[in-house]
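Worksheet: one structure, shown below.
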Amino acid sequence: MSWILPLLLLALGAGAWETLARLGSVQDYLLPAPSEVTQSLVDDRHLLLSDTWVTAQEVLLGFALALLVGVAIAMLLHLFPLLRRTVYPIVVASQAVPIIVIAPILVIWFGFGIAPKLIVIALICFFPVVVNTLDGLSSVDQSQIKMMRTLNASRGAVLRHLELPSSLPYLFSGAKIAVAVAVIGAVFGELVGSDAGLGHAIQVGTAQLLTARVFAAVFILSVMAIGLFALISLAERWAVSWARHPRYEGRQP
Amino acid sequence: MPAKGVDVIDIEAPAKEPLPLGDVAGEPGAAVALTAVWKRFSGRQDPITALAGITFSARAHEVVGIVGRSGCGKSTMLELIAGLAEPTSGEIEVGGQSDPAGRLARCVLMPQRDLLFPWRTALDNASLALEVAGVRRPEARRRVEPMFERFGLAGFARSRPNELSGGMRQRVAFLRTLLAGKPVLLLDEPFGSLDSLTRADMQEWLAAALREEPRTVVLVSHDVEEALFLCDRVLFLSSRPGRVTSELQVDIPRPRPRLETVTSESFIALKQQALEALA
């Protein structure tokens with residue numbers, strides 16, 4: 001029932017907005033009422049649907065890429081301390097470079113296809129995955145590692161049987177943050193250069209003052225983010241059910 | 001109910017054939033010998049001397065207890081014996097091997113906390129050592145499951161650690177330890193986290209399990225009665241820096257039924273000697 005309260009708040013907000021837009025003298029192209037946005041969702045459904053499909057593909061593939069690369073980097077940095085000292089600061093620095101600067105360059109390099117969007121999404125998303133997974137890998141109980149070593153476990157066996165499973169809750173935290181910003185990444189990528197996708201729809205809509213359609217696209221993006229977040233949460237509940245138990249003692253000092 | 005697991009390994013019964021635990025790596029009984037072992041940790045200010053010239057040995061299949069107050073370096077000593085760390089000076093031999101890798105190959109450490117993995121079932125926790133050794137999971141399960149009954153865990157193979165009682169968790173941990181197939185068991189206050197009644201049950205259970213599966217055991221404890229009840233010989237360690245202050249031979253024949261043993265005059269006399277040694 002956790003969705004009732006946020007839904008109620010949204011409904012309340014929409015009601016206030018609707019009243020404001022109808023009563024006030026605000027122009028439609030400045031602030032369309034929720035009813036107009038809904039109308040646009042219905043009227044422009046064919047256009048929006050095909051744009052949604054394009055963006056969804058980008059988000060899913062980009063997120064998957066980020067997850068893959070993020071976990072791989074975290075594992076490498078964890079296994080090789082020298083690499084960690086050398087590369088980790090650069091990974092952090094990569095987040096300081098404004099994506100808005102990189103995106104056009106990526107378009108020059110990779111064209112208007114899906115590739116530059118995937119790279120933009122992956123660039124935004126891999127960071128929370130790396131940071132969280134690395135934290136998870138390094139916070140494994142030292143006595144568990146010692147216990148594994150006296151069971152003759154190799155470095156790989158410790159990673160596989162102990163460190164990776166015990167850092168799964170961290171990985172999921174990172175993935176939840178990543179999937180929420182993945183949608184922003186897709187829009188960024190599309191704004192810079194594309195002929196389809198919700199970001200493209202927003203760009204065209206803004207230029208033509210079709211504000212209701214812009215809001216409709218934003219609405220779809222939000223739903224997409226919530227849906228993906230819920231999907232990851234579901235996977236988390238399934239994969240790390242053990243971590244939610246009150247008697248779970250893996251994190252004791 | 002299998003929860004009353006102490007009955008499963010019957011301490012009065014003559015020793016049965018050994019558990020099908022597979023081959024114990026190397027020699028069946030490896031002796032442990034420490035000669036003038038020092039361990040210093042370089043702290044931020046003063047270096048801390050944890051162990052100051054420890055010398056003792058354990059024969060093959062002997063159960064040796066180390067008793068001392070908290071912080072006397074008992075756990076450090078076990079880690080040194082296991083080859084997880086090197087002493088600052090002195091020599092440690094396990095089964096004639098003094099290099100850390102050789103020691104690690106012969107010792108298995110069972111810490112105070114059971115350290116069961118919450119994402120694994122009881123069965124998969126117990127068979128961890130086999131999986132680490134490269135046995136596939138279905139095969140490991142098939143081999144380990146029959147032992148669950150012997151360990152008083154029948155019906156709990158598929159349970160998660162958080163669904164087991166403290167004593168059962170400890171038994172799973174002990175099974176995992178035994179399945180490593182090492183000749184030397186290093187037990188670091190193995191029942192320290194249990195309530196006193198469960199602990200008494202588990203001590204009896206461990207004594208019986210060791211009769212079936214003889215190993216060289218170094219048992220660290222701060223419980224005098226536990227050490228006397230389980231061990232052939234008990235050493236007393238002074239507070240930091242730890243050094244051996246005295247030694248007590250426990251000449252009580254096995255099996256040792258708990259009630260008769262701990263209330264016997266000889267046991268009480270030993271306990272008195274032990275408490276004096278610690279005072």
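The values are calculated or read from the model by the stated rules, or taken from the named source; none is laboratory data. Nothing here was measured: the structure is a model prediction, and the numbers come from that model. Cβ atoms come from the backbone with ideal geometry, glycine included; neighbour counts cover every protein chain shown.
See the values below:
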quantity	calculated
Of all residues making up segment B:98-114, the number that are out of contact with any strand residue (DSSP E or B) (no Cβ under 8 Å at 6 or more places or on another chain) and under 28 Å from residue B:161 (Cβ atoms)	3
Failed item in (1) within 12 Å of chain A (Cβ to nearest Cβ); (2) assigned to a helix (DSSP H, G or I), with residue B:119 passing the rest	(2)
Matching entry among A:96, A:122, A:153, A:103 (being over 29 Å from residue B:135 (Cα atoms) and either within 14 Å of chain B (Cβ to nearest Cβ) or modelled with pLDDT of 90 or more (or both))	A:122
Condition met for residue A:118 (over 30 Å from residue A:155 (Cα atoms) and not polar (S, T, N, Q))	yes
Count of segment A:92-118 residues which are closer than 18 Å to residue A:175 by Cα and either in contact (Cβ under 8 Å) with a residue 40 or more places away in the chain or outside any helix (DSSP H, G or I) (or both)	2
Hits in segment B:135-165 (condition: without any contact (Cβ under 8 Å) to a residue 40 or more places away in the chain and within 11 Å of chain A (Cβ to nearest Cβ))	B:137, B:163
Index of the failed condition, residue B:132 passing every other in (1) touching a residue at least 40 places away in the same chain (Cβ under 8 Å); (2) under 15 Å from residue A:162 (Cα atoms)	(1)
Helices (runs of 4 or more DSSP H) lying entirely in segment B:221-279 (those with 3 or more residues that are β-branched (Val, Ile, Thr))	B:258-263
Pair list, Cβ < 9 Å and 6+ apart or interchain, from segment A:198-214 residues that are farther than 20 Å from residue A:35 by Cβ to residues that are of a type in the set (Phe, Trp, Tyr) and modelled with pLDDT under 90	A:199/A:188
Sole residue being outside any loop (DSSP other than H, G, I, E, B) and among the small types (Gly, Ala, Ser), chosen from A:153, A:157	A:157
Among (1) among the polar types (S, T, N, Q); (2) touching an Asp or Glu at 6+ places or on another chain (Cβ under 6 Å); (3) within 14 Å of another protein chain (Cβ to nearest Cβ), the one test that residue B:193 misses	(2)
Qualifying residue in segment B:93-114 (condition: without any contact (Cβ under 8 Å) to a residue 40 or more places away in the chain, among the acidic types (Asp, Glu) and within 14 Å of chain A (Cβ to nearest Cβ))	no
Hits in segment A:1-44 (condition: assigned to a loop (DSSP other than H, G, I, E, B) and surrounded by 15 or more Cβ atoms within 10 Å (Cβ to Cβ))	A:31, A:32, A:33, A:44
Output for segment A:125-143, where each listed residue is within 14 Å of chain B (Cβ to nearest Cβ), surrounded by 20 or more Cβ atoms within 10 Å (Cβ to Cβ) and in a helix (DSSP H, G or I)	A:136
Condition broken by residue B:140, with the remaining ones in (1) modelled with pLDDT under 90; (2) over 22 Å from the mean Cα position of the chain (by Cα); (3) buried (at least 22 other Cβ atoms within 10 Å of the Cβ) satisfied	(1)
Positions within segment B:146-161 being in a helix (DSSP H, G or I) and at pLDDT below 90, in sequence order	B:146, B:147, B:148, B:149, B:150
In segment B:76-92, residue nearest to the other protein chains (Cβ to nearest Cβ) [restricted to those that are surrounded by fewer than 21 Cβ atoms within 10 Å (Cβ to Cβ) and small (Gly, Ala, Ser)]	B:85
Positions within segment B:166-188 being in a loop (DSSP other than H, G, I, E, B) and out of contact with any Pro (no Cβ under 8 Å at 6 or more places or on another chain), in sequence order	B:179, B:180, B:181, B:182
Residues being part of a helix (DSSP H, G or I) and free of Cβ contacts under 8 Å to residues at least 60 places away in the same chain - total across segment A:165-190	6
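This table checks each residue for (1) modelled with pLDDT under 90; (2) in a helix (DSSP H, G or I); (3) surrounded by fewer than 19 Cβ atoms within 10 Å (Cβ to Cβ).
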{"position": "A:196", "(1), (2), (3)": "yes, no, yes"}
{"position": "A:202", "(1), (2), (3)": "no, yes, no"}
{"position": "A:209", "(1), (2), (3)": "yes, no, yes"}
{"position": "A:216", "(1), (2), (3)": "no, yes, no"}
{"position": "A:224", "(1), (2), (3)": "no, yes, no"}
{"position": "A:227", "(1), (2), (3)": "no, yes, yes"}
{"position": "A:231", "(1), (2), (3)": "no, yes, yes"}
{"position": "A:234", "(1), (2), (3)": "no, yes, yes"}
{"position": "A:237", "(1), (2), (3)": "no, yes, yes"}
